Amino acid sequence: MENTIYSINGPVVRAANTKDFSMLEMVYVGEKRLIGEVIGVTDEFTTVQVYENTSGIKVGEPICGSGMPVCANLGPGIISNIFDGIERPLRDMVKDNGAFVAEGSRLFSLDEEKLYDVTVTVKAGDKLCGGDIYCTTPETPLIVHKCMLPPDLSGEVIFAAENGKYRVNDVIIKLKTAGGEVKELTMVQRWPIKKARPIKGRKPSDRPLITGQRIIDTLIPIAKGGTAAIPGGFGTGKTVTQHQIAKWCDADIIVYIGCGERGNEMTQVLEEFGELIDPKSNRPLTDRTVLIANTSNMPVAAREASIYTGITLAEYYRDMGYHIAIMADSTSRWAEALREISGRLEEMPAEEGFPAYLPSRLSEFYERAGYVDNLNGTEGSVTIIGAVSPQGSDFSEPVTQNTKRFVRCFWALDKSLAYARHYPAIDWNSSYSEYIEDLAPYYNAISPDFTELRQEMADILQEENKLMEIVKLIGEDVLPDDQKLTIETARVIRVGFLQQNAHHAEDTYVPLEKQRLMMKVISTLYNKSLDALKIGIPLSQILSTGLFEKAVKMKYDIPNSRLDLFSDYLSEIDEKIS
Amino acid sequence: MNLEYVGLKDINGPLVALDGVKGAAFDEIARIKLDDGTERIGRVVQLEGEKVILQVFEGTNGVSLKNTRTIFSGKPLEIPLSSEILGRVFSGAGKPIDGLGDVFPEKMGDVNGRALNPVSRNYPRNYIHTGISSIDSLMTLIRGQKLPIFSGSGMQHNKLAVQIVKQAKITGEENAEFGVVFAAMGVQNDVAEYFRRSFEDSGAIERVCMFLNLSSDPIIERLLTPLCALTAAEYLAFEKNMHILVIMTDMTSYCEALREFSSSKGEIPGRKGYPGYLYSNLAAIYERAGIINGSTGSVTQIPILTMPNDDITHPIPDLTAYITEGQIVFDRELDRKGIYPGVSVLLSLSRLMKDGIGEGYTRADHSAVSNQLFAAYAKVQDARSLASVIGEDELSETDRAYMKFGELFEEHFLNQDFDENRSMDETLDLGWDLLCTLPRSELDRIDDKLLDEKYKQSSLTTDNE
């Protein structure tokens, strides 16, 4: 018997009196065959959330099951592409439907016509297990795509194609399983987006994700395979911070999820990443980036799916042995999508109307990050960096608070810093990273003084914070010279080091060694001045050397390619303050 | 022959329910004929079996359970579109109300619109010159941007909107056709009249298409007003290749209408009683701005909203600013000081400006000047709060320079006349003049080469000390 629609309320559709559907099954709704997902099954009703606009759908139209959960198509052609929340290719949709997104599009995620240069790495008779690689192909000039056995499959190869040019849906190998069944494998596999791909084991997070952003790399670092949240009110620069990390971090692949954000921002990423050249590989950034766009006016149910689609793509590439960084902008919109669907289902709300399962959904998502040993013996990582948009810039709201429990790195963006155009507006007082200790051996291997310099800088900022309380009450003039020096040095740190200009050619990305040398200059300047004060030289005389102003501008004056110039700075300090 | 359904099952505020309906589609439009011969328009908002819930745009006054006959159209709400809509006045639901008769449609447009594929968008880069120093230099309006004005009751937001319409000029393309779509939601009669007269005085009225839902008009119709206006704007921009500026006032009334509708539907409320989908709903409006591949036109939005109790963390301004590309915020204190436009520089922002200013767009030094002005004015606030504690006399010399800078900045830079149209050069030079009142060492956002060229004695301090 055909199942039909009984009720429609926005993106929530119900079918009555049926036992045909299972939870999380993908279904086709209505004559237009809109894609939906079963989110509730009771004796009376099956409830479906529809990933597309339900305008024009009628009661009595059919609902058909697909027999499987919502899956991502995994295969070559993902990188450099832009997808919607359920992995439909947006570029191809333009060809089909024009500039506006239409419903019922059934396009396959990957380009089915493109011929790939395939190297088959197995031969008949080989025994393969889940995760083993059977062929490779250059997907972009940067990324070699490795097709792997689905994790739950193993068996003996009974046919392997010759090396050559193939389309994604051509059969590459045939596998005989232990049960005697013969499976044909193409370059594409499917994986349910809400299920984490299996791994062999987790590794400690002891390597940083280098971002080239000074405040992150030195003060509040994140590990490869780590999790971070960027909460901030509107206009504090969440998106710019995420763009900066996506552009410059040393991950192999970036998955950028525009979840309920502005359309123009996605266009900007598309344009800018196509033009920007990665300094390490000399290739455009699009060669290592995949975009998932569910802009704020696209259907809300697909917003929920976009996060899962993104992380599934990331896990797939991790299994090949790559390091992936996911930018999720913004997880608050995802939480709001949960709230909206929950409201339509008339579920009992918890805080501020959010459903009670919000924390468990958030933790499920962040737990899919990690530095891991893959099934096939390689190692890879997925790092998640999620933006949070707290309502009314109030960090005590449920999404920020629950996210804080599940991430280990917290980059709080501060409104007053943003108003003063101090970017990145990461507040060094309320942000933290739990990775600092894990990463200390790595930093000290670069240079033994790295962690010391960082600690000294953090201490000066801390001290300044206390002094500013006093200054706010009685002014700066009454402080003794050594405290004034702390304030002056902190100013150099704030303006000269922590502030970083994303739109300046030299300053947008700073290598770790330059960051260390800049800290070294500031530290030397501070300690020399402190010594000078001790022998009675007044601070005004030290300030008149102009060294502090010079230190503020060293980020612009010393190009990334001329780190030798720092020795001149250090000797000038020695010379002028003695 | 369409089926007519006689009578209703239920009336609840603006919502009516019918039973025994077969084949109604979600979101479609129904006509409800009353016995007295009048007709109202309703939209299907919920379907359950044979029960249909309709939202009646004109309200349910005078509707009883027996005196209606309902016909389902099978189509979403559409409005007639043609180039002739410019110069015309429509109701909030898109019906002509200027007595000039129906529009002869070139096509019918579905007011719901569809999401624009990000691949089809062109990233906005060209700026719109408004002749207002604070906007042009510090929060530059870009063609295809959505830049709302956050104001409060009694402030000069309407005057500013009119001045922008009057002076807006697209540089680079002198022959570009420019048009305005004006949507009024729940505004008083005099405000609508003020806009109409101002458009008339400036001779712009032929290029303006107005959608009016006044404060005395039905509330549910208010929910349609921005949709109709944006459908018209998209048509003019993307099919007639015009540059359209959409002014929508007042978004707060719109959101309140939405809250009223939501609560009568019995939905679970989110913050401050607004429905949980307020963000998605506003996004469906604001995101209908931009530029698309293959068309030379653009839709630029300036929504105006009054912040309840001047509170920028209220859900309406808060969610708006999360969607729009920046905001222009009015400041009550500046307004009281008599400064027009009293724009709170530190709270205001244009997100798209960074890619639309500088060499090739405005002037090479634009970004340096605006960054430094922002940073300096932020320090003015610190100096002022310090002065309020320890007194102005006790301030350090630098802090006093900032106090002076703050005053000059507000008086000469922010403040300007209603018919004063400053060029970009005038504005930026004025900015330099102000910055030069500060010690050179304070200008830490500008590199030395530029300072060597531009830093000189300011004309504003010559009569000083």
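The values are calculated or read from the model by the stated rules, or taken from the named source; none is laboratory data. Remember, predicted model here, so these are calculated numbers, not experimental data. Cβ: placed from backbone, ideal geometry, glycine included. Neighbour counts: every protein chain shown. Note: areas computed on protein heavy atoms with side chains; ligands, DNA, RNA excluded. Shrake-Rupley method; radii C 1.70, N 1.55, O 1.52, S 1.80 Å.
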Solvent exposure, largest accessible area first (probe 1.4 Å, DNA, RNA and ligands not counted), of B:Phe238, A:Phe566: B:Phe238, A:Phe566
Electrostatic dipole magnitude of the range B:4-76 [Cβ: Lys, Arg +1; Asp, Glu -1; Cα centre; debye, to 20]: 80
I'd like the Karplus ³J(HN,Hα) series for the range A:336-350: coefficients 6.51, -1.76, 1.60, θ = phi - 60°, whole numbers in Hz, and an x wherever there's a Gly or Pro. 5, 5, 4, 5, 5, 5, 4, x, 5, 7, 6, 7, 5, x, 9
Going from most exposed to least, what order do A:Arg214, A:Arg408, B:Arg40 have by accessible area with a 1.4 Å probe? A:Arg408, B:Arg40, A:Arg214
Nearest-20 debye value, the protein assembly as shown charge dipole, Cβ charges on Lys, Arg, Asp, Glu: 2400
What the Cα atoms of the range B:79-355 span along the principal axes, largest first and in whole Å, is 46, 44, 41
Rounded to whole Hz, the Karplus (6.51, -1.76, 1.60) HN-Hα couplings of the range A:35-50, x for glycine and proline: 8, x, 9, 6, 10, x, 10, 10, 3, 8, 10, 10, 9, 10, 9, 9
Read phi for every residue in the range A:276-287 and hand back ³J(HN,Hα) as whole Hz from Karplus 6.51 cos²θ - 1.76 cosθ + 1.60, θ = phi - 60°, with x for Gly and Pro. 6, 9, 6, x, 7, 10, 6, 10, x, 5, 4, 5
Could you list which residues have their amide H under 5 Å from that of B:Asn67, counting only those 5 or more apart in sequence or on another chain, with H placed in the peptide plane? none
Please report the antiparallel percentage of DSSP beta bridges with both residues in the protein assembly as shown, rounded to the nearest 5. 65
In nanometres, the difference between 0.36 nm per residue of separation and the alpha-carbon distance of B:Glu426 and B:Thr38 is 133.9 nm
Taking only Cα atoms of chain B, what ratio of Rg to Rh do you get with Rh as the Kirkwood inverse-distance radius? 1.04
In debye to the nearest 20, the charge dipole size for chain B, taken about the Cα centre with +1 at each Lys and Arg Cβ and -1 at each Asp and Glu Cβ, equals 1740
Of B:Leu428, B:Pro341, B:Asn158, which is farthest along the charge dipole of chain B in the positive direction, counting Lys and Arg as +1 and Asp and Glu as -1 at C-beta? B:Asn158
Relative contact order as a percentage, chain A, C-alpha pairs under 8 Å and 6+ apart, gives 13
With both bridge residues required to lie in chain A, what share of the DSSP beta bridges run antiparallel, to the nearest 5%? 70
Using a 1.4 Å probe and counting only protein heavy atoms, arrange A:Ile426, A:Ile133 so the residue with the most accessible area comes first. A:Ile133, A:Ile426
Taking H placed 1.01 Å from N in the peptide plane, check which residues at least 5 places from A:Arg283 or on another chain put their amide H under 5 Å from its amide H. A:Asp278
Would you mind giving the three semi-axes, in whole Å and largest first, of the ellipsoid equivalent to the protein assembly as shown according to its Cα gyration tensor? 48, 42, 24
Please tell me the relative contact order of chain B in percent, rounded to the nearest whole number, where contacts are Cα pairs under 8 Å and at least six residues apart. 16
So for the range B:373-454, using the alpha carbon gyration tensor with a ≥ b ≥ c as root eigenvalues (a/c under 1.5 gives rounded; past that, a/b versus b/c decides prolate or oblate), I'd call it oblate
Give me the mean projected area, in nm² to one decimal, of the convex hull enclosing the Cα positions of the range B:249-321. 5.6
Structure shown: which of B:Lys146/B:Lys404; A:Lys466/B:Lys146; A:Lys247/A:Lys550; A:Lys127/A:Lys195; A:Lys404/A:Lys528 lie over 32 Å apart, alpha-carbon to alpha-carbon? B:Lys146/B:Lys404; A:Lys466/B:Lys146; A:Lys404/A:Lys528
Sort out for me the Cα centre separation of the range A:23-63 from the range B:405-451, rounded to whole Å. 59
How many angstrom separate the Cα center of the range A:376-400 from the Cα center of the range B:215-254? 36
How much accessible surface area, in Å² rounded to 10, belongs to the heavy atoms of A:Glu181 with a 1.4 Å probe? 100
Just want to confirm a number: the relative contact order over the range A:70-199, from Cα pairs under 8 angstrom separated by 6+ residues, in percent. 26
Mind jotting down the distance between the C-alpha centroids of the range B:162-203 and the range A:544-578, whole Å? 54
Using only Cα atoms, find the angle between the long axis of helix B:157-167 and the longest principal axis of chain B, and express it within 0 to 90 degrees, rounded to the nearest 10. 80
Please list, in chain and number order, the residues 5+ apart from B:His243 or on another chain whose amide H is under 5 Å from its amide H, with Hs placed from the backbone. B:Glu177, B:Phe178, B:Gly179, B:Ser298
Would you kindly state how much longer the chain becomes between A:Glu31 and A:Asp477 on full extension, computed as 0.36 nm times their sequence separation minus their alpha carbon distance, in nm to one decimal? 152.9 nm
